[in-house]
Amino acid sequence: MAVGIFDSGLGGLTVLDAVQKRLPDQVFVYLGDNAHAPYGVREADDVHDLTRAGVERLWKAGCDLVVLACNTASAAALRRMQESGLPEGKRVLGVFVPLIEALTERQWGDNSPPREVAVKHVALFATPATVSSRAFQRELAFRAIGVDVEAQACGGVVDAIEEGDMILAEALVRSHVDALKRKMPKPQAAILGCTHYPLMEDAFKAALGPDVQVYSQAEIVAESLADYLGRHPEMAGPGQIPMCLTTGDPKTVSDRATQFMRRKIEFHEA
Ligand code: DGL
């Protein structure tokens with residue numbers, strides 16, 4: 001009964017942590033494509049091809065259902081993969097829709113017409129590829145009207161995190177928040193639209209100030225996965241062995257993961 005969790009690198013561990021807490025009996029197989037991170041500066045075709053290869057690796061590891069714990073992959077690859085047809089019995093879910101449903105006060109699968117919601121001014125922090133895809137705004141427009149979204153492409157943050165340079169990552173977060181505030185001085189809500197960013201949540205919150213509600217995806221995605229598996233229990237695939245796989249160097253990735261998540265995490269070669 002394994003479910004796959006995929007990210008370009010370490011960011012999806014924030015989602016893995018939350019889904020493990022929410023579903024303690026479920027087996028998860030994690031795959032970080034660290035050898036090719038960051039995805040956020042790549043062309044959409046490239047992100048699609050890498051994501052597809054990662055998902056296929058997780059299917060092979062006994063996961064019928066794979067969660068793309070990566071906004072960049074969700075934005076560039078998910079729709080295309082679904083439209084081109086998945087093999088029988090396989091499913092891929094993204095991280096965007098649950099977040100937008102939470103922001104727009106919707107229950108899962110509520111497909112009623114877009115309506116006014118409480119939040120009007122939203123700051124979106126994401127990778128350059130996610131921002132330029134406009135996938136967030138598109139999904140939001142299906143569900144809400146009158147929401148002003150200002151998107152800030154946070155170049156460099158994922159590279160700094162993957163390199164373990166948290167001082168640089170913090171400095172970059174401050175400068176990206178400043179840049180956003182010049183465009184939207186008083187956001188009501190901020191979306192950390194990259195699964196790496198919760199690792200910098202304190203820096204985002206400090207730079208944004210106490211009046212901004214910060215949405216991060218991990219718990220929202222965990223709740224939505226629990227709901228999905230409740231309705232589709234057959235989608236917990238045949239795999240039995242929890243593991244973390246990487247396309248990068250397992251030793252370096254294990255050390256970084258252990259440092260970030262403050263518990264021992266051991267990665268193996270994918
Ligand atoms: N963590 C990923 C995301 O949510 C991708 C970051 C990257 O590889 O640039 O967008």
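The values are calculated or read from the model by the stated rules, or taken from the named source; none is laboratory data. A quick note: this is a predicted structure, and the numbers were derived from the prediction, not measured. All Cβ positions, glycine included, derive from the backbone under ideal geometry; neighbour counts span all protein chains shown. Quick note on the areas: whole protein, heavy atoms, side chains included, nothing else; ligands and nucleic acids left out. Shrake-Rupley method; radii C 1.70, N 1.55, O 1.52, S 1.80 Å.
Computed values, structure above
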item	result
Length gained when the stretch Ile167-Gln20 is fully extended (0.36 nm per residue, less Cα-Cα span)	50.0 nm
Residue of Asn71, Asn34, Asn111 that the Gaussian network model of the chain assigns the largest fluctuation, springs spanning Cα pairs under 10 Å	Asn111
With at most 14 neighbouring Cβ atoms within 10 Å, loop trypsin sites (Lys or Arg not before Pro) (DSSP) excluded, longest segment of the chain	135-261
As computed over region 53-193, the Cα convex hull volume per residue (Å³)	125 Å³
Rounded to the nearest 10 Å², the accessible area of Ser133 at probe 1.4 Å	40 Å²
In range of the label at Glu266: residues from region 22-56 whose backbone nitrogen is under 16 Å from the point 7 Å along Cα→Cβ	30
Within straight-line cross-link reach of Lys181, aspartates and glutamates at Cα separation under 16 Å, skipping those fewer than 8 residues along the same chain	Asp148, Glu150, Asp211
Filter on Lys60/Lys264; Lys205/Lys264; Lys21/Lys90; Lys90/Lys120; Lys183/Lys264; Lys21/Lys60 - keep pairs with C-alpha separation over 30 Å	Lys90/Lys120; Lys183/Lys264
Gaussian network model of the chain, Cα within-10 Å springs - most flexible of Gly209, Gly155, Gly94	Gly209
The chain: most fluctuating residue of Tyr228, Tyr30, Tyr197 per GNM, C-alpha cutoff 10 Å	Tyr228
Normalised contact order of region 173-270, rounded percent, pairs of Cα under 8 Å and 6 or more residues apart	21 percent
DSSP bridge orientation in the chain - percent antiparallel, rounded to nearest 5	5 percent
Percent accessible area from carbon and sulfur atoms, the chain, protein chains only, probe 1.4 Å	52 percent
Helix-only CD estimate at 222 nm, as mean residue ellipticity for the chain, using -39500 (n - 2.57) per DSSP H run (n ≥ 4)	-12000 deg cm²/dmol
Signed unit charges on C-beta, dipole axis of region 164-205, positive-most listed residue Val177, Pro187, Ala203	Pro187
The chain: mean projected area of Cα convex hull, nm²	13.1 nm²
Whole-number percent relative contact order across region 1-68, with pairs defined as alpha carbons under 8 Å at least 6 apart	50 percent
Paramagnetic reach from Glu234 (point 7 Å along Cα→Cβ, amide N under 12 Å) across region 85-122	89-90
